[in-house]
Amino acid sequence: MLKIRNLRSFYGNLQALKGISLHIEAGEIVALIGANGAGKSTLLNSISGVISSKRGQILLDGKDITYFPPQRIVKEGISLVPEGRQLFSPLSVMDNLLLGAYQRFSIKKKTQIERDLERVFQIFPILKERRKQVAGTLSGGEQQMLAIARGLMSKPKILLLDEPSMGLAPKIVQDIFRIILRLRDEGTTIFLVEQNAQKALEIADRGYVIETGRIVFEGKSEELLGNREIVRAYLGRGYRKVWE
Amino acid sequence: MSFFSQLLQYVFTGVAVGAIYGMVALGFNIIYNATGIINLAQGEFVMLGGMVMISLTTGLKVPMILGFFISVGIVTLIGAVIERGAIHPLKNPSVMTLIIITVAASILLKGGAMFIWGKQTYTLPAFSSSTKPISFGEASLNPQTIWILGIMAASMIVLAIFFNFTMTGKAMRACAANKLAASLVGVNVKLMVLLSFALSAAIGAVAGIIITPVALMDYDRGTMLAIKGFATAVLGGLGSNIGAVIAGFIIGLMESLGAGFISSSYKDAIALLVLLFVLFIRPGGIMGTTGEEKFKK
Ligand SMILES: Nc1ncnc2c1ncn2[C@@H]1O[C@H](COP(=O)(O)OP(=O)(O)OP(=O)(O)O)[C@@H](O)[C@H]1O
Ligand SMILES: [Mg+2]
């Protein structure tokens, strides 16, 4: 579905991605794990058009979308839930959601958008309760849910999630990961970027490991979870103890 | 004239002037919210509104109402052209570069206005010129003041509806809140910048048209109006529209009371004093917690 070939991205003279190739098939959850500064966000931002200084090829269902601006990328069906939520904080929860559907907004589609809104409220009932509240006043977990919900409002084929578990309590992380599974089961393909590698690989079908702008491992989740080196590097101390 | 009538008279004047400052401040806010820049050509939009209206109605004998909308339309177009011509082509410009561009635009517009209209001062008949001033004891309320307040209120309502109930308005607020997220949901951020210039040119033009019958207009009025409008915007909390309106009345009243009871020679200094005072004491302005944060950045 999404195919990336030899992608190189730049911040001025700094090359943050050094030739990334990967593919994501319809119906999959694919995890991308890596340490701070490895280039995970850079990759997602390059896909969604926020970073325009890049070389290589990004294909969506065979169509070259490498140099599309962000607003075209959403239209094509790729929606990014960015790192740090990036909500419209002074606006209401409802407005945040409606803006999620901005690129397909028109009077004709109003009922359709309302239907999608209902679906999103079904997945995140708390947002329905809070729909009139200003987004900036939500709790961290609610903000992450709103960010995901807003991303869903564009009806993406592929949802890109940048560290959705960041800064959240374990219980909430659990909820979020359960929701990610549900979204996949309801037909949305998921590309999940996480530092919480253990959790991410538990729900993912496949995974990639990125290190300083290069993919260094790829494989089925079980393979990655079973790989000593990866476990040592990315799955933290607690996990290693269990292993040794 | 009794003290009370005098006071009332100054209040009437202050409210009319204050409404205009509030509208100029609104113009500042709209562009500031969309781009983070202070458009120093804002005063020129006001001046052009008045001047174009004068040419249309007294020169070309276009009826008032029609002239009003055509003038606003022309100035709106000028605002849009400035954005497309000077702001849009730049790739990742700094805020400072943009502000300097607006200074250039201001000089250009002022020069152009002097070339077209010369240096003389023009006036415009009051919107209901047959109506006599309404007297309150010895004080009298100029009917134009009612027009000014009415049109200001109408503009505010239109803006409020636009920003709160239309998708485009919400998209503009989204841009102000978070440009990255706005582009990710599909908002064309550059188009919103264009719209913000058009919109603030329009509101500036409206202010210029309604003030001309009482304050007259010449090519050079824009600068002072911009300074006072800016002081108003800062007092109200940059970016806050309610703040702008309240601050407009505060500065307008201070100015007219100061001019009346102290000395009219200090009139223009008052807005500047307020500006300095706010910047020292409370840089966020009356409505500004967000403003404060922005200043800190
Ligand atoms: N705006 C920027 N300008 C310059 N360099 C940047 C910029 N953003 C990121 N970088 C650099 O690019 C590299 C990759 O950063 P990126 O944000 O993609 O990492 P990440 O894997 O998402 O890390 P994290 O887990 O901390 O979010 C880092 O070396 C970083 O310093
Ligand atoms: Mg990141």
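The values are calculated or read from the model by the stated rules, or taken from the named source; none is laboratory data. Since this is a predicted model, take the numbers as computed values, not measurements. Cβ coordinates were reconstructed from backbone atoms using ideal geometry, including for glycine residues, and neighbour counts include every protein chain displayed. Ligands, DNA and RNA are excluded from the accessible area calculation, which covers all protein heavy atoms including side chains. Shrake-Rupley method; radii C 1.70, N 1.55, O 1.52, S 1.80 Å.
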Calculate, in nm to one decimal, what residue B:103 and residue B:269 gain on full extension: separation in residues at 0.36 nm each, minus their alpha carbon distance.
57.6 nm
One quarter of the C-alpha convex hull surface, i.e. the mean projected area of chain B in nm², amounts to 15.9
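List the GluC sites (Glu not before Pro) within the range A:1-109 that DSSP assigns to loop and that have no more than 13 neighbouring Cβ atoms inside 10 Å.
The qualifying sites are A:25.
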Once both labels are modelled 7 Å past Cα along the beta-carbon direction, what's the residue B:121-residue A:67 spacing in nm?
5.7
Restricting to Cα pairs under 8 Å and 6 or more apart, the percent relative contact order of the range B:133-189 works out to 14
Work out how much length residue A:122 to residue A:10 would gain on full extension: take 0.36 nm times their residue separation and subtract the Cα-Cα distance, in nm to one decimal.
36.3 nm
Under the definition of Cα pairs under 8 Å and six or more residues apart, what whole-number percent is the relative contact order of chain A?
27
Tell me the relative contact order for the range B:1-143 as a rounded percent, counting alpha carbon contacts under 8 Å between residues six or more apart.
34
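At a Förster radius of 60 Å, what calculated FRET efficiency corresponds to the Cβ-Cβ distance of residue B:128 and residue A:3, to the nearest 0.05? Provide the component values of the computation, followed by the final result.
Numbers: r = 69 Å, r/R0 = 1.15.
Calculated value: 0.30.
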Share of Cα-Cα pairs in the range A:169-220 lying beyond 16 Å, as whole percent:
43
Kindly state, as a whole number, the per residue volume in cubic angstrom of the convex hull around the alpha carbon atoms of the range B:177-235.
108
Calculate how steeply helix A:170-185 sits against the longest principal axis of the alpha-carbon atoms of chain A, using the helix alpha-carbon long axis, and give the answer as 0 to 90 degrees to the nearest 10.
80
Please find the FRET efficiency linking residue A:114 to residue B:261, where r is the Cβ-Cβ separation and R0 is fixed at 51 Å, and quote it to the nearest 0.05.
0.30
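Suppose every Lys and Arg Cβ carries +1 and every Asp and Glu Cβ carries -1, with no other charges. What dipole size does chain B come out with about its Cα centre, to the nearest 20 debye? Mind showing how you got there, number by number?
Values: 17 positive and 9 negative charges, 131 e Å.
The dipole magnitude comes to about 620 debye.
Hydropathy first: keep DSSP H helices in chain B averaging at least 0.0 on Kyte-Doolittle, then drop any whose Cα extent along the axis falls short of 18 Å, and list what survives.
Working: long enough: B:3-35 (47 Å, 1.22); B:42-54 (19 Å, 1.31); B:64-82 (27 Å, 2.59); B:95-117 (32 Å, 2.02); B:143-165 (32 Å, 1.76); B:189-215 (39 Å, 2.11); B:221-236 (22 Å, 0.96); B:241-261 (30 Å, 1.57); B:267-281 (22 Å, 2.55).
Counting only whole DSSP H runs, the qualifying helices are B:3-35, B:42-54, B:64-82, B:95-117, B:143-165, B:189-215, B:221-236, B:241-261, B:267-281.
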Report the gain in length on full extension from residue A:18 to residue A:222: 0.36 nm times residue separation, minus Cα-Cα distance, nm rounded to one decimal.
70.8 nm
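Okay, helix-only estimate at 222 nm for chain B: each DSSP H run of n ≥ 4 adds -39500 (n - 2.57), divide by all residues, round to 500 deg cm²/dmol; what do you get?
On the way: 12 runs with 214 residues, N = 297.
When only DSSP H runs of four or more count, the value is -24500 deg cm²/dmol.
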Decide, for the protein assembly as shown, between rounded, prolate and oblate: order the square roots of the alpha carbon gyration tensor eigenvalues as a ≥ b ≥ c, take rounded if a/c falls under 1.5, and otherwise choose prolate if a/b is larger than b/c, else oblate.
prolate
Using the structure shown, list the pairs from A:18/A:63; A:132/B:179; A:3/B:91 with a Cα-Cα distance above 24 Å, or answer none.
A:3/B:91
Just tell me which aspartates and glutamates come within less than 14 Å, Cα to Cα, of residue A:171; anything on the same chain fewer than 8 places away is out.
A:142
Dividing the helical contributions, -39500 (n - 2.57) per DSSP H run of n ≥ 4, by the residues of chain A yields a 222 nm value, nearest 500 deg cm²/dmol, of -11500 deg cm²/dmol
Based on Cα positions only, what radius of gyration and what Dmax would you give for the range B:173-297, in angstroms?
16.9, 55
Stokes-Einstein D in µm²/s, Kirkwood radius over Cα pairs - chain A at 25 °C with 0.890 mPa s viscosity:
133
What list of ³J(HN,Hα) couplings, whole Hz, do you get for the range A:44-58 from phi and the Karplus terms 6.51, -1.76, 1.60, once you set θ to phi - 60° and write x for glycine and proline?
4, 5, 5, 5, 7, x, 5, 9, 9, 8, 7, 10, x, 9, 10
Place a point 7 Å from Cα of residue A:178 in the direction of its Cβ. Which residues in the range A:137-157 have their backbone N less than 16 Å from it?
A:141-142, A:145
DSSP-defined beta bridges in chain A - what % are antiparallel, rounded to 5:
55
Work out which residues of the range A:50-71 lose at minimum 20 square angstrom of accessible surface when the other protein chains are put back, relative to the chain isolated, with a 1.4 angstrom probe, and list them by number.
A:50, A:70, A:71
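Please report the antiparallel percentage of DSSP beta bridges with both residues in the protein assembly as shown, rounded to the nearest 5.
On the way: 27 of 45 bridges.
So the antiparallel bridges amount to about 60 percent of the total.
What value in Å³ per residue do you get for the convex hull of the alpha-carbon atoms in the range A:54-149? Can you show the working numbers first?
On the way: hull volume 11.8 nm³, N = 96.
So the per-residue hull volume is 123 Å³.
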